[in-house]
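Below is one structure, written out as C-alpha cells; the observations come after it.
The values are calculated or read from the model by the stated rules, or taken from the named source; none is laboratory data. Remember, it's a predicted structure, so these values are computed and weren't measured experimentally. Neighbour counts run over all protein chains shown; Cβ positions are idealised from the backbone, glycine included. The area values use the complete protein model at the heavy-atom level, side chains included, leaving out ligands, DNA and RNA. Shrake-Rupley method; radii C 1.70, N 1.55, O 1.52, S 1.80 Å.
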Amino acid sequence: MKLLVPVKRVVDYNVKVRVKADGTGVETANVKMSMNPFDEIAVEEAVRLKEKGTVTEIVAVTIGPAQAQEQLRTALAMGADRAILVEAEGAEPLGVAKVLKALVEREQPQLVILGKQAIDDDMNATGQMLAALLGWSQGTYASKVELSADGAKVTREVDGGLETVQLKLPAIVTTDLRLNEPRYASLPNIMKARKKPLETLKAADLGVDLTPRLTVVKVEEPPKRQAGVKVGSVSELVSKLKTEAKVI
Amino acid sequence: MAVLVLADRSGATVSQPTRSAVAAASQIDGDVHVLVLGGAEAAQAAAKLAGVTKVIQADGPAYEHGLAEPAAALLVALAPNYSHLLAPGSAMGKNIMPRVAALLDVQIITDIAAVEGADTFRRFIYAGNALATVKTADAKKVLTVRAASFDPAPAEGGSAAVEAAPSAEDPAVSSFVGAEIAQSERPELTAARVVVSGGRAMGSAENFHLLEGIADKLGAAIGASRAAVDAGYAPNDHQVGQTGKIVAPELYIAVGISGAIQHLAGMKDSKVIVAINKDEEAPIFQVADYGLVGDLFKILPELEQELG
Ligand SMILES: Cc1cc2nc3c(=O)[nH]c(=O)nc-3n(C[C@H](O)[C@H](O)[C@H](O)COP(=O)(O)OP(=O)(O)OC[C@H]3O[C@@H](n4cnc5c(N)ncnc54)[C@H](O)[C@@H]3O)c2cc1C
Ligand SMILES: Cc1cc2nc3c(=O)[nH]c(=O)nc-3n(C[C@H](O)[C@H](O)[C@H](O)COP(=O)(O)OP(=O)(O)OC[C@H]3O[C@@H](n4cnc5c(N)ncnc54)[C@H](O)[C@@H]3O)c2cc1C
C-alpha cells in the first residue's frame, strides 16, 4: 500500500515570533524553520507502518518555497522513500488541499497522513478539506492507527476522552500528539536521504488555482498581560483571592 | 439571510461552547438557526437559547455519534439557505466544519475570536502570539468559534420551533466503533468558572490526585500541561494549550507548570491567574496575577486546608 505524507515548513516552535511593525504579518526572515511537529508525528507513523509491512512506499510532499526541500529531506531521512515539492507561496488550506488532491490522483495512495494542525496558522483544516475534496473518510486527531488491507481503525482524541472509528480505505488520518514519539534521523540516514529522489513541480503544472480567498487586513500584538505580585504564603494567597480579586 | 450554528451536544443539552457560537452568530445576523445532530432533548434545550429563532434536528444512526462525513453532507444540503455556517471550535466542530467548507469550495476561518463584520473576523495565529484580522472573499462563510472569546448566549429566553432536518445522503465511508468518555461530576474544562491545572512537576498520576481536593472545594475543572498528559499523569482531554483546549475561567491555578508559550496560548485570557512554582524565574509568573514560589507538595495540602 502506498502512503502520502504532507509536511509543512513552519517557524520552529521554540522561536518567539514577533509581529512586524507595519502590521502585515509576523517576522519570518532569519528565523529558524522546521517541519511542523505534527507532521513529524505523521512521518513517524508512516515509517512504523512500513516497518510493520503494511505500507510499501512513503511519498512526502510539501507545498511551499524552494527552501521547503529541507523539510522534505528531513522526512526522507526519517524513512520516506521519495519526495515532491510543489512550489507555491502562501497557499491557504483549501488551496493546499486542492494541490494534495491532484497529487493523490497522480500517486494513488490508499492513505494520507497529515498533522492535525500547523503551528503557525493553527487552522486545523487541511486534512478534513482534502478528505472532502476526495470524498474519502477521515479520522482526525488520531492517537492510534491500526491499518489493514481494507480499512483503518483510528482512535481519536476528542472532548471528554477517546473515540474509535472504522474507516473504509482510501482514507485521511490527521495526527495528534500522543500517536507516537518521532525518531531523530541518524547521520547515515541523513546522508542517504540526500540521494533519494525529490521532484519539483509548480502548482500550475497540476492545474490548481491557488488564488487566496482571505486577505489579511492587519496583524497585531495581542494585549499583553501584566505580571502581578508574588505572595508570601498560602493564607495571603487565599485572602487576596477572596478580598482583592473576589474570585473565590 | 439566516445563519446556522451546528450544536455540540452535552448530554441532554447543548454545550457551553455552542452557546458561545450562538453569541458569535447573533453578532452576524439576528436570525440564528441551530442544527442538532441526534438528541431530541438537546434540540429542546437549543430552542430555549436566547437569540435562536429555529432549531433543526437530525435523527438517524448516521448522526448519533457526529461522524464527520454524514454531518458534513447534511450541512451542505442546508447551506443554500444560509449566509454563514458556524460551529464551536470543539473537537466536533473542528472535525466537521473544514469538510463542509471544502465541499462548498470555501476557505474556512477557524477559531474566530471576534466578529468585525459579515466578512471580517479576528483570529489568533502562532500560539496566540499574534492576532490577525482577516477578510474573506467567499460568498458563503464557514467558521468555527473560539468559545473563550464570546460570552455564552443565555440558556433561557428563546422559544424557537424545532423542525426535522431534510434527508441528506450518507457517504457511509466510516462507522463508529466505541468511545471512552470519562464520566465526571466536575464542570467541563472549557465551561468551568475555576480551573486547577497540574504540570510535569506533579510527578505521577497518584500525585495528580492532590489537585482534586482543591478542585472539589472550588467547584473547579482539572486541567494539565502537555508534559503532564504525555507522561500519563492526566488524560488527553485535560490538555490546556495551543494544541489542546482553550480556557478562560474566572480563576486559573497553574501548579508546577513552567509557562511555555504553547501552554499560555490556552489560558492567558483567564481573568485571574495564580501560579505555584518552585522556580521564581518560571515564565508562568510573567502572566500570573498572584505568584507563590515554593514546593507544590508542601503548598497543595496547605491550600486545601486554607480553603476550608
Ligand atoms: C490569514 C492567513 C494569512 C496567511 N498569510 C500568509 C503569508 O503571509 N505568507 C505565507 O507564506 N503564507 C500565508 N498563509 C498560508 C499559511 O502559511 C498556510 O500555508 C495555510 O494557511 C495552511 O494553514 P495551516 O498551516 O494552518 O494548515 P493546517 O490545516 O493547520 O495544517 C494541517 C496539516 O496540513 C498539512 N499541510 C498544511 N499546509 C501544508 C503545506 N503547505 N504543505 C504540505 N502540507 C501542508 C500538514 O500535514 C499540516 O500538519 C496565510 C494563511 C492564512 C489563513
Ligand atoms: C507542537 C507542540 C504543541 C504543544 N502544545 C502544548 C499544549 O497545547 N499545551 C501545553 O501545555 N504544552 C504544549 N506543548 C509543550 C510545551 O512546549 C511545554 O513543553 C509544556 O507545556 C511543559 O509542561 P510543564 O510546564 O508541565 O513542564 P515543565 O516545563 O517541565 O515545567 C515544570 C515546572 O514545574 C516546576 N516545578 C518542579 N518541581 C516543582 C515542585 N516540587 N513544586 C513546584 N514547582 C515545581 C519547575 O520549576 C517548572 O517550571 C506543545 C509543544 C509542541 C512542540
Cα centroids of the stretch B:164-236 and the stretch B:80-151: how far apart, whole angstrom?
24 Å
When the convex hull of the C-alpha atoms of the stretch A:1-113 is computed, what volume per residue in Å³ does it have?
98 Å³
Partner chain coverage, peptide B:282-290 - average Cβ within 10 angstrom:
5
Can you give me the distance in nm between label points at B:ASP216 and B:VAL177, each placed 7 Å from the Cα along the Cα-to-Cβ direction?
3.7 nm
What distance in nm separates the two pseudo spin-label positions at B:SER159 and A:ASP150, each 7 Å out from Cα along the beta-carbon direction?
5.5 nm
Placing one equal point scatterer on each C-alpha of the stretch B:2-164 and summing with Debye, one gets log10 I(q)/I(0) at q = 0.10 Å⁻¹ equal to -0.30
Sequence-separation-based contact order of chain B, relative, with Cα cut under 8 Å and 6+ spacing, percent:
15 percent
Per-residue counts of other Cβ atoms within 10 Å, averaged by peptide: what ranking do you get for A:136-147, B:226-237, A:16-27, highest first?
A:136-147, B:226-237, A:16-27
Run the numbers for B:GLN305 and B:GLN27: contour at 0.36 nm per residue of separation, minus the present Cα-Cα distance, in nm.
95.6 nm
Can you compute the modelled spin-label distance between A:ASP209 and A:LYS196, with each label point 7 Å from Cα toward Cβ, in nm?
3.6 nm
Surface/4 of the Cα convex hull for the stretch B:45-89, nm²
4.0 nm²
Residues of the stretch B:2-164: accessible area per residue at 1.4 Å, in Å²?
30 Å²
Compare the Cα positions of B:ALA62, B:ILE253, B:THR144 along the charge dipole of chain B (+1 at Cβ of Lys, Arg; -1 at Cβ of Asp, Glu; about the Cα centre) and return the one farthest towards the positive end.
B:THR144
What is the projected area of the convex hull of the Cα atoms of chain A, averaged over all directions, in nm²?
17.8 nm²
For the stretch A:125-248, count all C-alpha to C-alpha pairs, find those more than 22 Å apart, and express that count as a whole percent of the total.
70 percent
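Given the rule -39500 (n - 2.57) for each run of at least 4 DSSP H residues, summed and divided by the residues of chain A, what is its mean residue ellipticity at 222 nm, to the nearest 500 deg cm²/dmol?
-8000 deg cm²/dmol
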Just tell me how shielded B:167-174 is by partners: mean number of partner chain Cβ atoms within 10 Å of each residue's Cβ, no decimals.
4
Pairs of lysine in the stretch B:176-283 with Cα under 22 Å and at least 8 positions apart or on different chains: total?
4
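D for chain B, whole µm²/s, Stokes-Einstein with Kirkwood Rh over alpha-carbon pairs at 25 °C and 0.890 mPa s: what number?
Reported coefficient: 121 µm²/s.
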Where the only charges are on Cβ atoms (+1 Lys, Arg; -1 Asp, Glu), what is the dipole of the protein assembly as shown about its Cα centre, to the nearest 20 debye?
1040 debye
Tell me whether the stretch B:84-211 comes out rounded, prolate or oblate; compute the Cα gyration tensor, take square roots of the eigenvalues as a ≥ b ≥ c, and use a/c under 1.5 as the rounded threshold.
prolate
Compactness of the stretch B:189-306 - radius of gyration and Dmax, Cα, Å
12.3, 34
Protection proxy ranking, peptides B:17-24, B:217-224, average beta carbon neighbours within 10 Å, highest first
B:17-24, B:217-224
From zero outward in steps of 5 Å, how is the percent of C-alpha pairs of the stretch B:249-308 spread across the bins?
4, 20, 30, 24, 16, 5, 1
Share of carbon and sulfur in the accessible heavy-atom surface of the protein assembly as shown [1.4 Å probe, %]
49 percent
Normalised per residue, the volume of the convex hull around the Cα set of the stretch B:1-85 (Å³)
78 Å³
Please average, across the residues of A:113-123, the number of beta carbons from any other chain that are within 10 Å of each residue's own beta carbon, and give a whole number.
4
Taking the protein assembly as shown, the equivalent ellipsoid from its C-alpha gyration tensor has semi-axes in Å, biggest first, of 36, 30, 23
Accessible area of the stretch A:67-107 divided out per residue, in Å², using a probe of 1.4 angstrom:
32 Å²
For B:VAL272, list long-range residues whose amide hydrogen, built 1.01 Å from N in the peptide plane, is under 5 Å from its own amide hydrogen.
B:LEU251, B:TYR252
Computed [θ] at 222 nm, helices only, for chain B once each DSSP H run of length n ≥ 4 contributes -39500 (n - 2.57)
-7000 deg cm²/dmol
Highest mean first, what order results for B:261-267, B:45-51 on Cβ atoms within 10 Å?
B:261-267, B:45-51
Give the shape of the stretch B:80-137 as rounded, prolate or oblate, defined through the alpha-carbon gyration tensor: a ≥ b ≥ c are the square roots of its eigenvalues, a/c under 1.5 means rounded, and otherwise the shape is prolate if a/b is larger than b/c and oblate if not.
oblate
